1. What net charge do the residues around V190 carry, taking every other residue with its C-beta under 14 Å from that of V190, with Lys and Arg at +1 and Asp and Glu at -1?
2. How many nm is it between the label spots at R198 and S28, if each spot is 7 Å from the Cα in line with the beta carbon?
3. Could you tell me the extents of the chain's C-alpha atoms along the three principal axes, largest first, rounded to whole Å?
4. If packing is taken as the average number of other Cβ atoms within 10 Å across a peptide's residues, how do 21-27, 66-72 rank, most packed first?
5. Could you grab the relative contact order for the chain? Cα pairs under 8 Å, six or more apart, rounded to a whole percent.
6. Loop only per DSSP, at most 14 neighbouring Cβ atoms within 10 Å: give me the chymotrypsin sites (Phe, Trp or Tyr not before Pro) in the range 126-215, ordered by residue number.
7. Calculated from DSSP H runs of 4 or more alone, at -39500 (n - 2.57) each and per residue, what is the 222 nm mean residue ellipticity of the chain, nearest 500?
8. Provide the FRET efficiency to the nearest 0.05 for the E36-L189 pair, computing r from the beta carbons and using R0 = 35 Å.
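A short reminder: the numbers here are calculations on the coordinates, not readings from a lab. Values in this document were obtained by computation on a predicted structure and should not be read as measured data. In this analysis, Cβ positions are derived from the backbone assuming ideal geometry, glycine residues included, and neighbour counts consider all displayed protein chains.
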Amino acid sequence: MTSINAIIALLVAYLFGSIPTAVWLGQSFYGVDVREYGSGNAGATNTFRVLGGKAGVAVMIIDILKGWTATNLAYFIGVSVTGPTSSVLFINYQLALGVIAVMGHLFPLFAGFRGGKGVATLFGMVLAVHLQAALLCVGMFISVLMLTRYVSLGSILAGFTFPFSIVFVFHTPYKSLLLYGMCICVLILVTHQKNIERLLKGKESKINLFKKSNT
């Protein structure tokens, strides 16, 4: 039964991740497909850039919930969370479900497999797996965003905060969580390559919080 539940949970996690929040919100309320503007990504960062802060916050919250909900489908599988062996297995299931949700966000079934960069969905996953580390990531993101108005920079530094915090602050004993943290860094570097290039050249767009753009 557990294996059947695991397969169902993985499928549902992908479908959760595939919800194209930025695309649907932009088309429904603004008549805009955000993938045709800015960076061309269907995520919270580009929504901030194209539609402004209110739309960006809405997309970010929903995308976070996508990752959080998908990761917590591990409870549906029926694995015990008590005991060293069971705890490791449960966390591994959470990580697998969260990764599948992120893949759904990157390659959404409901939007022609053209998605976003997955940072908000990744954060939802972190929120479900390690609340304290997630709160540190939030603090980093908000601080950088308020100081620089660069959503991309805030996302990048928040992503790197997770592996550093679980190693040096919380000293996690779970090797799979450490591996996941390192994979986050790699994914962020790959998906934000163009943002990093623009940041280094001083050409990255800043956002006006809670103010609709002229695009």
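1. On the way: positive: K117, K194; negative: E197.
That works out to +1.
2. Taking the two extended label points, one gets 2.6 nm.
3. The Cα atoms of the chain stretch 54, 37, 25 Å along the principal axes, largest first.
4. Details: 21-27: 22.4, 66-72: 24.7.
Top of the packing list down: 66-72, 21-27.
5. On the way: 353 pairs, mean separation 52.0, N = 215.
Reported relative contact order: 24 percent.
6. Details: sites: F141, Y150, F160, F164, F168, F170, Y174, Y180, F210; in loops: Y150, F170, Y174, F210.
Passing sites in the range 126-215 are F170, F210.
7. Calculated from helices alone, the mean residue ellipticity at 222 nm is -22000 deg cm²/dmol.
8. On the way: r = 26 Å, r/R0 = 0.74.
Efficiency, from the Cβ-Cβ distance: 0.85.
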